[in-house]
1. Specify which of the listed residues (Ile191, Ile207) is in contact with a strand residue (DSSP E or B) (Cβ under 7 Å, 6 or more places away or on another chain), among the aliphatic types (A, V, I, L, M) and surrounded by fewer than 18 Cβ atoms within 10 Å (Cβ to Cβ).
2. If a residue has to be modelled with pLDDT under 95 and assigned to a loop (DSSP other than H, G, I, E, B) to count, how many in the stretch 233-286 make the cut?
3. For Gln109, all conditions in the list (1) under 26 Å from Tyr241 (Cβ atoms); (2) over 19 Å from the mean Cα position of the chain (by Cα) hold save one; what is the number of the exception?
4. Taking Ile281, is it in contact with a helix residue (DSSP H, G or I) (Cβ under 7 Å, 6 or more places away or on another chain) and under 17 Å from Leu224 (Cα atoms)?
5. Here are some residues: Lys57, Lys161, Lys69. Which one is more than 20 Å from the chain's Cα centre (by Cα) and not small (Gly, Ala, Ser)?
6. Report, by residue number, each residue of the stretch 157-182 that is aliphatic (A, V, I, L, M), surrounded by fewer than 21 Cβ atoms within 10 Å (Cβ to Cβ) and within 15 Å of Leu269 (Cβ to Cβ).
Amino acid sequence: MHAKLHKHLENQLGHDKLKVRSIQGGDINQAYLLETSEASYFVKCNNDDCAVDMLEKEAKALRLFADLKIIGVPDVILSDKCGDDAYLVLEYLKPKPPNTKFWRHFGAQMSALHQVSTDRFGWSFDNYIGTLPQSNQRHQKWSDFYAAERILPQLVLARNKGLIDREEWAKGNRLAANIRDVCPEEPPSLIHGDLWSGNFIASQGDIPILIDPAPYYGHREMDLAMSMLFGGFSKDFYDSYLASSPLEGDFKQRCDIYQLYYLLVHLNLFGMSYHSAVSSILAKYS
């Protein structure tokens, strides 16, 4: 963290001599732990063109989740800009290794979150997944929302970047047109939107904490599919979730159609190392 931002945060937070150290914060943002004798803060910084809006939308989502009182999130302290750096200051919650009690709580609380519903798929405002815009225009049917607001925008971006060829582009468009034949229609569920193992914390007391949400009213199987894409979730999590929110049969057979969105996002953000996984799913459904 450069000196100007450090001093700015001392002034904003009302603390002199904040101790600062870099910590792991994912692939998108720079992350820091700020410490005083009285308090600790987690700070993420980003200087992309979209950073101010991106972090403000994240803060807004965290506050919404906090208001629901269904599952824990860190308190939002402030979101602002210093020079070229946008930043978000959150309550720092010290993680601990997850245990069986944690996983069971987590599964039950995600089930409860998914029971929050509304009349249409989408969200009241657009947001981001990573640094990529995520359109949340509302639709009556999941298949229409998923095609128009998730799969097709990422296919367009991948095509424009030269990351998929003409044949893969055609396969992707055929897949988008046939989503209704694969995914069961369900009422909209409030979902985290980017539920991989780096986006939750097991905090003290075995309390599940969600971080980095990209929420909207979507299909609850999106969260489950993302949780399975890179692993890191215990069987106890799924058993607890399914005890109160069972899935229609053959979820494992259609799981990859949900994972396609996240793989396209990773392809567009990080490049060709994700191409073979994308191509394989496109071929399966073409």
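The values are calculated or read from the model by the stated rules, or taken from the named source; none is laboratory data. Owing to the predicted nature of the structure, the values given are computational and were not obtained by experimental measurement. Reconstructed Cβ throughout: ideal geometry from the backbone, glycine too, with neighbour counts over all protein chains shown.
1. Numbers: Ile191 fails: surrounded by fewer than 18 Cβ atoms within 10 Å (Cβ to Cβ).
Exactly one of Ile191, Ile207 is in contact with a strand residue (DSSP E or B) (Cβ under 7 Å, 6 or more places away or on another chain), among the aliphatic types (A, V, I, L, M) and surrounded by fewer than 18 Cβ atoms within 10 Å (Cβ to Cβ), namely Ile207.
2. So the count comes out to 4.
3. So the condition that Gln109 fails would be (2).
4. Details: in contact with a helix residue (DSSP H, G or I) (Cβ under 7 Å, 6 or more places away or on another chain): yes; under 17 Å from Leu224 (Cα atoms): no.
Spelling it out, it is not the case that Ile281 is in contact with a helix residue (DSSP H, G or I) (Cβ under 7 Å, 6 or more places away or on another chain) and under 17 Å from Leu224 (Cα atoms).
5. Being more than 20 Å from the chain's Cα centre (by Cα) and not small (Gly, Ala, Ser) holds for just one of Lys57, Lys161, Lys69, which is Lys161.
6. Hits for the stretch 157-182 are Leu157, Leu163.
Residue-wise test of (1) out of contact with any Ser or Thr (no Cβ under 6 Å at 6 or more places or on another chain); (2) under 30 Å from Ser111 (Cβ atoms).
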residue: Lys19; (1), (2): yes, no
residue: Ile23; (1), (2): yes, no
residue: Glu38; (1), (2): yes, no
residue: Val43; (1), (2): yes, no
residue: Asp48; (1), (2): no, no
residue: Val52; (1), (2): yes, no
residue: Glu58; (1), (2): yes, yes
residue: Leu62; (1), (2): yes, yes
residue: Ala66; (1), (2): yes, yes
